[in-house]
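Beneath this line is the structure, given in structure tokens, with notes to follow.
The values are calculated or read from the model by the stated rules, or taken from the named source; none is laboratory data. Just so we're clear, the structure is a prediction, and the values are computed from it rather than from any experiment. Only protein heavy atoms, including side chains, enter the accessible area calculation; ligands, DNA and RNA are left aside. Shrake-Rupley method; radii C 1.70, N 1.55, O 1.52, S 1.80 Å.
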Amino acid sequence: MEIVILAVVIAVVVLGALGGLIVGSRRRKSLPPPPTTPDITAPPAEPHVGDEAETPRDEPRRTIEEVDLPDGSAPVTVEEPPLPELEVPLVPPIEVPEPTAGRLIRLRARLSRSQNALGKGLLSLLSREHLDEETWEEIEDTLLTADVGVQPTQELVERLRERVKVLGTRTPEELRGLLREELLTLIGPDLDRTVKTEPETSKPGIVMVVGVNGTGKTTTTGKLARVLVADGRSVVLGAADTFRAAAADQLQTWGERVGAHTVRGPEAGDPASVAFDAVKEGKEMGMDVVLIDTAGRLHTKTGLMDELGKVKRVVEKHAPLDEVLLVLDATTGQNGLVQARVFAEVVDITGIVLTKLDGTAKGGIVVAVQRELGVPVKLVGLGEGADDLAPFEPEAFVDALIGE
């Protein structure tokens, strides 16, 4: 038994030795080869400009004595790189407004397209064979509908009755001439309709523009500047409408188009202060006219109307106002007369500007507003164009009303 155990032990030892030899041989086979030392070579030579990397060539070199240097007799010019072009802001070219002489006559066709219903209606009624009381009542209604007003209508009808009775036979040409004469008399061809911008003592002339909201005051002020520039006058614009944010920008744009200087203040600032500064700068610059655009205000607001009076008083510390123009929307008809009456009490209106007289406006408002205020219509607006503000010419206006 001992022999068997001994044999087994010997077999185990032999097997273990054989296994160790096999594992050792495998490890020796998987070891990496020893590192090899690389050959160290000299770095490549620096190449010359335009040459490939190669061994530098032996080239002859000159000493400083052999090099020709400039003797200083001829200046050495060094070309500088061109400077980049700066972007210059585009300045709108100054426009040249069309002359004001006869401007309303040139616009007569536009006015007659919408206004001659009054004249045609009257001519049609007057041309009837028998002018009875019913016909005269229709004539009165036509005039009242055109916003002529009660008192002026009664006066016109009375004069027409007398002249038609005297004439007897009435041809269309006679009737048209008769109606033209009576309408001219009603409008007042002898009234002074000049916009006074030339003071008796020293420049500048001072014009203040007032009116309710939405009548087109700022636009009218800008167009009036064009009228004055077209007549060779220099203009300063005072943006005293500080309650409406866009008003000063709008007025300045109008001024830039014709080369007029604009004085403005901070938004919601004191309008009287802006008006004062505008007149002051106009005097210092030696300008001909200062136009002051005021804020639109409801005629029923007592505080706002008092403030308008303050603007007038502050401006008059420099010089008296030469003109106070009330801007009325002709489409409001008789309702505009209430506004006109209140403004006239506060700032002493000297002239009327009727805007939007084309379109649906009725020409009779010219007569009514003159009778109400006792001051003439001096300017009329006949459209949205920049040069559609024209001095009021009674003859051209009546011709547009009754047609050719």
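For Thr355, the solvent-accessible surface computed with a 1.4 Å probe is close to 10 Å², ligands and nucleic acids excluded. The figure for Thr253 is an accessible area of roughly 70 square angstrom, using a 1.4 Å probe on the protein chains alone. Pairs from the list Lys120/Lys223; Lys280/Lys317; Lys312/Lys356 with a Cα-Cα gap above 22 Å: Lys120/Lys223; Lys312/Lys356.
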